[in-house]
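The next block holds one structure in the form of C-alpha cells; read it before the comments.
Taken together, the values in this text are just the output of simple stated rules run on the coordinates, not laboratory data. Everything numeric here is computed off the predicted structure, so don't read it as measured data. As a convention, Cβ positions derive from the backbone with ideal geometry for all residues, glycine included, and neighbour counts pool all protein chains shown.
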Amino acid sequence: MPGMDGYEFVQAIRNESRWPDVPVIMLTSARRTEDAERCRELGIKANLLKPAKQSRILDAIITSVGVDAISAKHDAPEVDLVSTQAADGPLHILIAEDNEVNQKFALRALKKAGHTATVANNGLKAVEAFANERFDLILMDVQMPEMDGYEATAAIRAREADSGTAIPIIALTAHAMKGDRERCFAAGMNGYVTKPVKTKALLAEIARVTAPSESVA
Amino acid sequence: MSAEPFDKEELLEEIDDDWEFLEESVEMLKEDAPGLLAQVRAGIDTGDADMVWQSAHTIKSMVGNFAAGPAFEMAHGIETRGRANDLDTGGAQVDQLESELQRLTSALDSLLANARD
C-alpha cells in the first residue's frame with residue numbers, strides 16, 4: 001500500500017495502548033519467505049494470498065477471534081454464515097455500476113436469489129432512479145464516471161432527510177485505496193463488498209443489511 | 001508469467017455451469033478491453049493520470065469477475081501508479097497487460113470450446 005505498508009500499519013496499532021491485541025489478518029498479493037516471521041513478530045493471525053476466497057477469509061476470522069472453527073460450525077447453522085436468503089423475500093434493487101460486465105455478474109447474482117434489479121450507469125443516473133422508483137436496497141459502485149458512489153450516496157441521503165427513511169446502501173469496491181471501507185461508511189453506506197463480487201458474499205451482505213436489527217441503523 | 005491466466009476452480013464455482021452466461025460475459029470483455037486499453041495509453045501519452053487510473057481500475061474490476069489474478073494485478077499496478085501520478089514506466093506495463101488480456105481471453109475461449117464438446 002502507498003505511504004505506509006501493512007506491516008508498518010500493524011506495528012503502529014501494536015504501539016497504541018488502545019488496541020495492543022486486536023486480531024489482524026493480512027492480505028497479500030505475493031507471499032515472501034520473510035513474511036511468516038514478520039507476521040509472527042507482529043502477532044498477525046493469518047496471511048492470506050489475494051484474491052482471497054470468502055471461505056478462507058471466514059476461516060481466518062473465526063480462527064483469529066479465538067473461536068474454534070469446528071465448534072463454531074457445529075453450534076451455529078452454516079446458513080448464518082453464508083445466508084443467501086433476504087430478510088423479507090424478494091427485494092427490488094438498484095445497481096449503480098458503470099461497467100457492463102460487472103453489471104451482468106451482479107444482475108445474475110441477484111436474480112439467482114429471486115431479487116429484481118434496475119441498472120444505473122453512473123452516480124447521477126442512480127440518484128435519478130432513486131427519485132423515480134421505489135427500491136429496497138442499492139448496490140453502489142464507488143468508482144463511477146459523472147458522479148461517484150460517495151457523492152451519489154450523499155445526494156440520496158440528503159433526499160431522504162425529510163422522510164426519515166434510510167435505504168440500505170452496499171458499497172461495491174475494487175479496494176484500491178487505504179481506508180475505503182471507513183470512507184464508505186462515513187459517506188452514509190451501510191455495507192461493503194469487495195470486487196470481484198462473489199455471489200455468496202454479496203447475498204450474505206444483503207441479508208446482513210436487511211436483517212431487522214440492521215434496518216434502523 | 002507462469003501463473004494460470006484465471007483460477008478455473010474459482011470461476012466455475014461462480015459460474016455454476018451457466019456456460020451461456022460465461023460466453024456472453026467473455027464477449028463483453030473482448031469488446032470492452034481494447035477501448036479501455038486505448039484510454040490507458042491515451043492517458044499516458046497526454047499525461048492525464050486520472051484517465052490512466054480510472055481506465056485501469058475498470059479493467060481491474062472487470063477481469064476480477066473471471067478470477068483472472070495476473071491481469072487483475074497488472075491492472076492494479078497501473079492504477080496504483082496512475083493514482084500516484086507516476087506515468088513514466090506506464091507504456092511497458094500497458095503492453096504487458098495487453099498481452100495478458102489476450103492470454104486470458106484465449107484461455108477463456110478454450111474453456112468455452114471444451115465445455116461445448
So if R0 is 22 Å, what FRET efficiency would A:Ser163 and A:Phe185 give, r being the distance between their Cβ atoms, rounded to the nearest 0.05?
0.55
Using +1 at the Cβ of each Lys and Arg and -1 at the Cβ of each Asp and Glu in chain B, identify which of B:Val26, B:Ala38, B:Thr89 lies farthest towards the dipole's positive end.
B:Thr89
In the Gaussian network model of chain B, springs joining C-alpha atoms below 10 Å, which of B:Met51, B:Met28, B:Met62 carries the largest mean-square fluctuation?
B:Met28
10 Å Cβ neighbours from other chains, averaged over peptide A:189-198:
3
Of A:154-165, A:106-117, A:137-148, A:199-210, ordering from highest average Cβ density within 10 Å down gives A:137-148, A:199-210, A:106-117, A:154-165
Under 1.5 on a/c is rounded, so check that first for region A:107-217, then, if it is not, pick prolate when a/b is larger than b/c and oblate when it is not; a ≥ b ≥ c are the square roots of the alpha carbon gyration tensor eigenvalues.
rounded
If the chain between A:Gln11 and A:Glu146 were fully stretched, how many nm would it gain, using 0.36 nm times the residue separation less the Cα-Cα distance?
44.7 nm
Across B:4-14, the residue-averaged tally of Cβ atoms belonging to other chains within 10 Å stands at 2
Among A:Ala166, A:Ala186, A:Thr153, flag the residue with its Cα farthest along the positive direction of the charge dipole of region A:130-188, charges on Cβ as +1 for Lys/Arg and -1 for Asp/Glu.
A:Ala186
In degrees from 0 to 90, rounded to the nearest 10, what is the angle of the helix B:19-46 Cα long axis to the longest principal axis of chain B?
10
Note, B:Ala38: beta-carbon cut-off 15 Å, +1 each Lys/Arg, -1 each Asp/Glu, net -4
Restraint check, A:Lys50/A:Lys125; A:Lys50/B:Lys30; A:Lys112/A:Lys178; A:Lys111/A:Lys195, Cα-Cα greater than 30 Å:
A:Lys50/A:Lys125; A:Lys112/A:Lys178
Calculated [θ] (222 nm, deg cm²/dmol) that DSSP helices of n ≥ 4 give over chain B, each run adding -39,500 (n - 2.57)
-27500 deg cm²/dmol
Of B:Leu11, B:Leu37, B:Leu104, the one that fluctuates the most in a GNM where chain B has Cα springs shorter than 10 Å:
B:Leu11
Over what distance in Å are the Cα centres of region A:148-211 and region B:55-77 separated?
22
How big is the charge dipole of chain B about its Cα centre, in debye rounded to the nearest 20, if each Lys and Arg gets +1 on its Cβ and each Asp and Glu gets -1 on its Cβ?
580
Which of rounded, prolate, oblate describes region A:168-208, given a ≥ b ≥ c as roots of the alpha-carbon gyration tensor eigenvalues and a/c under 1.5 marking rounded, otherwise prolate only if a/b is larger than b/c?
oblate
